[in-house]
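The values are calculated or read from the model by the stated rules, or taken from the named source; none is laboratory data. All figures in this text were calculated on a predicted structure; none of them were measured in a lab. Here the Cβ is made from the backbone with ideal geometry for all residues, glycine too, and neighbour counts use every protein chain on show.
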Amino acid sequence: MEESRGNDALPQALQKAASSLRAREGIGTLSEKTLHAAIKFYMEPDPAFHEVPYLGFVADIKNEAGVIEVQTRSFERLRRKLAVFLEEGPVTLVCPLPHLKYVLWLDPETGEVSRRRKSPKTGQPWHLLPELFRIGELLDHPDLTLLILLLDMDEYRNLDGWSRDRKRGSHRLERLPLALHQELWLRERADWRAMVPQGLPQEFTRQEFAKLGRFSERQSGAALKVLCRMGLCQRCGNRGRAYLYRLTEPE
């Protein structure tokens, strides 16, 4: 499988995705299908290998390299499908993440779209850890490869929230990839070192981990369970009332 396609392939993939979904009637009708379709074309330009019935499911891509699944959210729903595919051969799980994000707001009453505003948050590979917890029992399967795509993207949101400005509690409509920042392949345990937040000390509490990695309390617990399962850290005692963790040494 080709491991680096670069930014030249991304606009072509997005164009192919838009053509394949031209039946849409505007932003907000696709339930994020544009991002999903664009990544499929990025990974496999030939649509003949897309949406292939396989083992009672439909594989996003099935070609000579095996099965490729693109997951943009709700990893819980992927667990059974992934387990069945892994019983038969190699699977690459592709996970797009926003690196730089530009937000555009759609007014459902007027149809107007706001100017692009850059989000102050910058996405990092370890921000995927809480979602990966939902398929934790499969992460160390020898036939599973993870590919994290850090992408700059436009995110369209509906102005339908409960706050005065209608933004809090709003619904995401669409994400359109703009540029590729990084491809991160996770094949072996050593590759998972890239999933440890940069600057994390050798010993740390969950609260310190959450602050450095920008996780909520619930997310930090799930993220740490994934890192422990993959052998990147382990419980080593307490600091006051807080559990203490230690990063493991590279093998």
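Of note:
- Any hit, the stretch 82-94, residues being in the same structural domain as residue 168 (by TED's automatic domain parsing) and closer than 23 Å to residue 217 by Cα: no
- Members of the stretch 210-251 that are surrounded by 13 or more Cβ atoms within 10 Å (Cβ to Cβ), basic (Lys, Arg) and part of a strand (DSSP E or B): 239, 246
- Reported count of residues in the stretch 108-166, each being of a type in the set (A, V, I, L, M, F, W, C), in a strand (DSSP E or B) and under 22 Å from residue 71 (Cα atoms), is 8.
- Residue count for the stretch 77-91 under the criterion of being buried (at least 21 other Cβ atoms within 10 Å of the Cβ) and either under 10 Å from residue 55 (Cβ atoms) or of a type outside the set (A, V, I, L, M) (or both): the result is 1.
Condition check ((1) of a type in the set (Lys, Arg); (2) modelled with pLDDT under 90; (3) outside the structural domain of residue 92 (by TED's automatic domain parsing); (4) more than 19 Å from residue 148 (Cβ to Cβ)) across all residues:
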site	(1), (2), (3), (4)
168	yes, yes, no, yes
172	yes, yes, no, yes
177	no, yes, no, no
201	no, no, yes, yes
204	no, no, yes, yes
208	no, no, yes, yes
211	yes, no, yes, yes
218	yes, no, yes, yes
222	no, no, yes, no
